[in-house]
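Below is one structure; the comments refer to it alone.
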Amino acid sequence: MSTLKGKTALVTGSTSGIGLGIAIELAKQGANIVMNGFGDVEGPKAQITAHGVKVEYHGADMSKPAEIEAMMQFAAEKFGGVDILVNNAGIQHTSSIKDFPVERWDAIIAINLTSAFHTTRLAIPYMTQKNWGRIINIASVHGLVASKDKSAYVAAKHGIVGLTKVTALELATTGVTANAICPGWVLTPLVQKQIDARAAEQKISVEQATRDLLSEKEPSHQFTTPEQLGAMAVFFCSDAAANVRGQAWAHDGGWTAQ
Ligand code: NAD
């Protein structure tokens, strides 16, 4: 099946975790991919090119608007423009508000929220000109509900759900849709760090810390996988989802049903 053949998808933060999973599922449908993110590039790139699509990488730091502009320009030069924009790059820091490092607050808001404003504003002209586009924002259950010690993350994720709704409304009469995906726990490096910190703090095994983390918030006691989120992104790109606009869809094992 190549339902996205001829389309180009830019996935921010696609060198790891959820972004890589989404890039692979979009590539399986034939979409060419613009990768972005830090760390090893060649390993993840090989996993995407294995599906027979073209892949280009741009290392823009998503906290820097000028680098985001350069990345969008790069995508236009390589592929003509971005048809599918997945705003996924994100970081986490946990601390109470009174002790929250100001620099971490600024970095989380810049990477998890403001970067999506920049990519979106730069992607819209090409998408509206073609009268087809998909903007998929990777929010979180924390875009819908809160947890303590995650002030910047929860603020950024609620913000990106709001940005998704405004984007969808402004484009509602066009063939461009905007929606958010709100995962619960997904076992990626971002979450592994939180599990390891919990194990060290409470002097328990990593296995026990993993079980505790899941049972505390996620009724299914199961992780959502990057592959499942990639399949959800593919659905948002399909004709069946052409009139799904401004939604924040949880994939959270029942977390937000409570
Ligand atoms: P991850 O750490 O595995 O991947 C994050 C990606 O973002 C990496 O590719 C990293 O290089 C990139 N990145 C980080 N800072 C960047 C920057 N300044 N510029 C460019 N790229 C940068 O994390 P993940 O769990 O895959 O998270 C991906 C997204 O999913 C994030 O927005 C996160 O908030 C969201 N999310 C994750 C979970 C979860 O349980 N893992 C749950 C809900 C939402």
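Would you please state which residues of region 104-120 a label at Glu170 would reach in this model, taking the label point 7 Å out along Cα→Cβ and a backbone N cut-off of under 16 Å? Counting backbone N atoms under 16 Å from the label point, the list is 113-120. Its convex hull of Cα atoms gives region 108-232 a direction-averaged projected area, equal to a quarter of the hull surface, of 8.5 nm².
For Ile181, Ile124, give the ranking by accessible area with the largest first, probe 1.4 Å.
Numbers: Ile181 0, Ile124 45 Å².
Per-residue accessible area, sorted high to low, gives Ile124, Ile181.
The share of Cα pairs per 10 Å bin across region 168-258, counted from zero up to the longest distance, runs 16, 36, 26, 15, 6, 1 percent.
Using a cut-off of 15 Å between alpha-carbon atoms, which aspartates and glutamates can reach Lys203, once sequence neighbours fewer than 8 places away in the same chain are excluded? Qualifying aspartates and glutamates at Cα under 15 Å: Asp212.
Of all alpha-carbon pairs in the chain, indicate the percentage at a distance above 27 angstrom. Value for the chain (Cα pairs over 27 Å): 33 percent.
Each of Ser238 and Ser95 was given a label point 7 Å from its Cα along the Cα-to-Cβ line. The distance between the two points is 4.4 nm.
Taken as entire DSSP H runs, the helices of the chain that both span 27 Å or more between Cα atoms along their own long axis and average -0.5 or more on the Kyte-Doolittle scale are 151-170. Over all projection directions, the Cα-based convex hull of region 1-61 averages an area of 3.5 nm².
Taking amide H as placed 1.01 Å from N in the peptide plane, the amide H of Ala180 sits under 5 Å from that of Asn137, Gln247, Ala248, Trp249, each at least 5 places away or on another chain.
With helices as the sole contributors, the chain gives -14500 deg cm²/dmol at 222 nm; each DSSP H run of n ≥ 4 counts as -39500 (n - 2.57), and the sum is divided by every residue.
Once you reduce region 138-217 and region 66-104 to the center of their Cα atoms, the two points are 16 Å from each other. In terms of the mean number of neighbouring beta-carbon atoms within 10 Å, the peptides 200-211, 131-142, 11-22, 36-47 order highest first as 11-22, 131-142, 36-47, 200-211.
What net charge do the residues around Ile18 carry, taking every other residue with its C-beta under 11 Å from that of Ile18, with Lys and Arg at +1 and Asp and Glu at -1? Charge balance near Ile18 sits at -2.
The values are calculated or read from the model by the stated rules, or taken from the named source; none is laboratory data. All figures in this text were calculated on a predicted structure; none of them were measured in a lab. Every residue, glycine as well, gets a Cβ built from its backbone with ideal geometry; the counts of neighbours run over all protein chains shown. Just so you know, the surface numbers come from the protein's heavy atoms only, side chains and all, with ligands and any DNA or RNA stripped out. Shrake-Rupley method; radii C 1.70, N 1.55, O 1.52, S 1.80 Å.
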